[in-house]
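For reference, the structure discussed in these notes is given below.
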Amino acid sequence: MNKELLQNIVVLYVEDEPQIAQEVSYHLKKYIKGFYTATNGEEGKELFYKINPDIIITDIQMPKLNGLEMIKQINSNVPVIITTAYSDLEYFLTAIELNVNKFIIKPIDLIELVKAIQECIIKNNLQERFFEKDNLLKIINENVLVSITDANGIYMDASSAFYEFTGYNKEDFIGKSYEILKHEDTEESVYERLWNTINSGKVFQEEMKFKKKNAEEFICITTITPSFKDEKIVSYTTIRQDITDKKRLEQLTIEDDLTRLYNRRYFNKIITNELQRVKREKGYFSLLTLDIDYFKKYNDMYGHLKGDSALKSVAKVLKESTLRASDYVFRLGGEEFGVIFSNLNINESLEFSNLLIRKIFDENIEHLGNETTKRITVSAGLITLNYMYFEDEEKIYKYSDDALYKAKHSGKNRVVLSEKSK
């Protein structure tokens, strides 16, 4: 980062969404002393003539005057960076006509934005125009994952970058349904939400998982924009921003290294989120904590490698038995596991919990140190609460842990329901 270059420039930033404007301003003002903000195109135009900026950063869709119309009315050679969630090619083509220098797709990557600012300033000193029209179209084609479908979701065209990334070519892609990229893990409710949004003429944006031609999965921030003709939707333009590597790195921070279950840190986050969600939906919340019986004896008898294998086997059973989107399984530490689930009443939750410990029992993992069963078993404590009786996270965890303690001291290989359940 060339801090000296940034310190000496004047930037006009036009953004109508307060949260985005505040975040971008907070970070860029650390490096750019002459950083000015406006909340719409009219305000931006007035400020432009007052501060004479070296560069303009603007959103497209804004009240009073949109970003592209503002640029058109200003009619200046000042470099322009567009930040937008919209993927309609008409916007791109209009921007090209206005000699826009750079596109940043929302959500804004601040590092990418700073690089774009530096590139614009440097290149503007060397040449009157940053990109000719054909160069910008070429850059979009070679670098942006763009695809176009008709109103029924049949692919009509895509960028070279899209073909290279997904492994498809025009011959085996054009004319195919949008489902060709569909990942089997994606719930139907996601596509229902997608179609309801774009069929109503609105822009859809969400993280989605897809698969390439070779079945390799990838995750993108997916932005789909309808295109209209005579007030009818005739096509949809999709821009995908690949975040696969980023999501994998995030996954490493929330996963337990050994079992690949969620870790204790993520448990602390999810229990809060799920309590809030279930309260909004006026349902039931359940926390089941489980502990492998006589696990120290197991490690002493069979060694730590076998102990690790036993932990992974228990984790596998729990993960394969909790398939709903609202089910979460954690390794809380050592031989202790946790399961968060919802929308089952007390009796249903107890039945589900007993099913889990039976499945672990049925794995028949030898444990001669377990004098009763001669196999790996678990004890578990369950707390189930109706939304009207929620307490704070620490108390709920304690109720489950207390029930686990009772299970441990009343014969093991069982679930004990907390007396606080209601």
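The values are calculated or read from the model by the stated rules, or taken from the named source; none is laboratory data. In this text, all values refer to a predicted model and were calculated from it rather than measured experimentally. Cβ atoms come from the backbone with ideal geometry, glycine included; neighbour counts cover every protein chain shown.
I'm trying to understand the selection: among the residues of the range 263-308, which are of a type in the set (Phe, Trp, Tyr) and at pLDDT 95 or above?
The answer is Phe267, Tyr284, Phe285, Tyr294, Phe295, Tyr298, Tyr302.
Hey, does the range 370-379 have a residue that's of a type outside the set (Gly, Ala, Ser), in contact (Cβ under 8 Å) with a residue 60 or more places away in the chain and over 24 Å from Met301 (Cα atoms)?
no
Just checking, which of Leu344, Leu288, Leu258, Leu311 is out of contact with any Asp or Glu (no Cβ under 9 Å at 6 or more places or on another chain) and not β-branched (Val, Ile, Thr)?
Leu288
Quick one: in the range 42-94, of everything that is hydroxyl-bearing (Ser, Thr, Tyr) and closer than 25 Å to Ser147 by Cβ, which residue is modelled with the lowest pLDDT?
By that ranking, first place goes to Ser87.
Would you check if Thr253 is more than 24 Å from Ala85 (Cβ to Cβ) and of a type in the set (Val, Ile, Thr)?
The answer is yes for Thr253.
Give just the number: which of (1) touching a residue at least 12 places away in the same chain (Cβ under 8 Å); (2) in a helix (DSSP H, G or I); (3) exposed (fewer than 12 other Cβ atoms within 10 Å of the Cβ) does Leu252 not satisfy?
(1)
Considering every residue within the range 349-365, establish whether at least one is of a type in the set (Val, Ile, Thr), touching a residue at least 24 places away in the same chain (Cβ under 8 Å) and out of contact with any Ser or Thr (no Cβ under 9 Å at 6 or more places or on another chain).
Looking for residues that are of a type in the set (Val, Ile, Thr), touching a residue at least 24 places away in the same chain (Cβ under 8 Å) and out of contact with any Ser or Thr (no Cβ under 9 Å at 6 or more places or on another chain), one finds none in the range 349-365, hence no.
With Lys312, Lys319, Lys395, Lys297 as the choices, which residue is in contact (Cβ under 8 Å) with a residue 40 or more places away in the chain, under 28 Å from Glu281 (Cβ atoms) and surrounded by fewer than 20 Cβ atoms within 10 Å (Cβ to Cβ)?
One residue alone meets the criteria, Lys319.
Under 6 Å by Cβ, and 6 or more places apart or on different chains, what pairs join a residue from the range 324-338 that is assigned by TED's automatic domain parsing to the domain that holds Ser349 and touching a residue at least 40 places away in the same chain (Cβ under 8 Å) with one that is assigned to a strand (DSSP E or B) and of a type in the set (A, V, I, L, M)?
Tyr328/Ile340; Val329/Val339; Glu335/Ile292; Phe337/Leu290; Gly338/Leu332
Hey, among Phe204, Phe210, which residue is in the same structural domain as Thr149 (by TED's automatic domain parsing), modelled with pLDDT of 95 or more and touching a strand residue (DSSP E or B) at 6+ places or on another chain (Cβ under 9 Å)?
Unique residue meeting the criteria: Phe210.
Determine whether Asp150 is modelled with pLDDT under 95 and touching a strand residue (DSSP E or B) at 6+ places or on another chain (Cβ under 7 Å).
So Asp150 passes the test.
For Tyr178, indicate whether it is within 28 Å of Glu142 (Cβ to Cβ), free of Cβ contacts under 8 Å to residues at least 40 places away in the same chain, surrounded by 14 or more Cβ atoms within 10 Å (Cβ to Cβ) and not acidic (Asp, Glu).
yes
Return the residues of the range 170-214 that are β-branched (Val, Ile, Thr), farther than 24 Å from Asp245 by Cα and assigned to a helix (DSSP H, G or I); say none if nothing qualifies.
Listed by number, the residues that qualify are Thr197, Ile198.
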